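To start, the structure under review is shown below, and the notes come after it.
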Amino acid sequence: MLAAAKYIGAGLACSGLIGAGAGNRFNLLCINRITARNPQLRGQLFGYAILGFALAEATGLFSLMIAFLLLYS
């Protein structure tokens, strides 16, 4: 019973990976639309894009870490 609860909890914890993927896609969509309208902002937006990717990936990695903690503790 405890093993089943660990697997269910780890699966639910991995749902944070959906948010990471959606965040990356949304970031790309915003950057592409803005640079299509104003190409001079491309250099300035690159720093914001890297920050957005890092924050989105960090949330995914945190949820994956919680899933591993639930499985192997």
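Observations
- Elements of type helices (runs of 4 or more DSSP H) contained in the chain, each with 3 or more residues being basic (K, R): 16-37
- Top-ranked residue in the range 5-55 [being open to solvent by less than 50 Å² (accessible area, probe 1.4 Å) and free of Cβ contacts under 8 Å to residues at least 24 places away in the same chain; ranked as farthest from A67 (Cα to Cα)]: T35
The values are calculated or read from the model by the stated rules, or taken from the named source; none is laboratory data. Note that the structure is a prediction, hence the values are computed from the model and not measured. All Cβ positions, glycine included, derive from the backbone under ideal geometry; neighbour counts span all protein chains shown. Accessible surface is based on the protein model in full, side chains and every heavy atom, while ligands, DNA and RNA are left aside. Shrake-Rupley method; radii C 1.70, N 1.55, O 1.52, S 1.80 Å.
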